[in-house]
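Read the structure below first, then the notes.
The values are calculated or read from the model by the stated rules, or taken from the named source; none is laboratory data. All of these numbers come straight from a predicted model, not from anything done at the bench. Glycine gets a Cβ as well: all are built from the backbone with ideal geometry, and neighbour counts include every protein chain shown. To get the accessible areas, we keep the full protein, side chains included, count just its heavy atoms, and leave off ligands, DNA and RNA. Shrake-Rupley method; radii C 1.70, N 1.55, O 1.52, S 1.80 Å.
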Amino acid sequence: MVQRPEVSEFSEYYIPYVNLVPDGDLLEILKENLEKTTAVAEGLSEEAGQSRYAPGKWSIKEVLGHMTDTERIMSYRLLRIGRGDLTPLPGFNENDYIAASNFDGLSIQQIIEDFTAVRNATITLINNMPDEAWERIGVTNNSNTTTRALAYIIAGHALHHLKIINERYL
């Protein structure tokens, strides 16, 4: 089982995300989040998927797409560091990714399928990572980061955005 990372294992930017992850089996938490996210998204009309809680904010479809993009990037980082790759990994600007996406042009079903595929790949990656990989350290966005911290950041990021969807959009 993946152990909760120490605060020294990741950038303080991610503390709120890691703190959202409850104690327990991380794989079960990721699976439960997938079910909850899918249920919320499947309950949306296409029109509701394009709603924004304030001018200039992302639509629900864009939030869901952002969750998927971020999980892809964080899983890639987890893979690289977990395999002992010491190449520094750059950051990314989520607003640029949204601007270059077409999430509002996709159906909610397409977005759900993409998120599900990425989440399932993340689950198998985490499940198959060797024990010795979890404490490996790499550099992401100019900060030292462990493999296990990335697993918790992935979970916490998704929990954060599902909470935002429920509190601000629905």
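Summary of values
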{"quantity": "Rounded tilt (10° steps) of 60-82 against the dominant C-alpha axis of the chain", "calculated": "10"}
{"quantity": "Debye intensity ratio in log₁₀ form over the Cα atoms of the chain, taken at each q of 0.10, 0.18 Å⁻¹", "calculated": "-0.36, -1.14"}
{"quantity": "Computed E for ASP25/GLU94 - FRET, C-beta separation, R0 35 angstrom, nearest 0.05", "calculated": "0.80"}
{"quantity": "Förster radius 22 Å - calculated FRET efficiency between LEU170 and GLU35 (Cβ-Cβ, nearest 0.05)", "calculated": "0.85"}
{"quantity": "Ordering of 96-108, 68-80, 44-56 by burial proxy (mean other Cβ atoms within 10 Å per residue, highest first)", "calculated": "68-80, 96-108, 44-56"}
{"quantity": "Within-11-Å neighbourhood charge of LEU159 [Cβ basis; K, R +1; D, E -1]", "calculated": "+1"}
{"quantity": "Cα-only radius of gyration and Dmax that characterise region 51-126, units Å", "calculated": "14.1, 43"}
{"quantity": "Efficiency of FRET between MET1 and SER101 - r from beta-carbon atoms, R0 30 angstrom, step 0.05", "calculated": "0.30"}
{"quantity": "Cα-derived Rg over Rh, computed across region 31-83 with Rh taken as Kirkwood radius", "calculated": "1.10"}
{"quantity": "Stokes-Einstein D (µm²/s) once Rh is taken as the Kirkwood radius of region 1-97 over alpha-carbon pairs, at 10 °C in 1.306 mPa s", "calculated": "100"}
{"quantity": "Degrees between helix 147-164 axis and first principal axis of the chain (Cα, 0 to 90, nearest 10)", "calculated": "20"}
{"quantity": "Unit charges at the beta carbon, dipole of region 127-170: most positive-side option, ASN144, ASN166, TRP134", "calculated": "ASN166"}
{"quantity": "Student exercise, region 74-167 dipole from Lys, Arg, Asp, Glu Cβ charges, in Debye to nearest 20", "calculated": "240"}
{"quantity": "Nearest-10 value in Å² for the accessible area of HIS161, using the 1.4 Å probe", "calculated": "20"}
{"quantity": "Solvent-free Debye scattering, log10 I(q)/I(0), computed from the Cα coordinates of region 74-170 at q = 0.15 Å⁻¹", "calculated": "-0.73"}
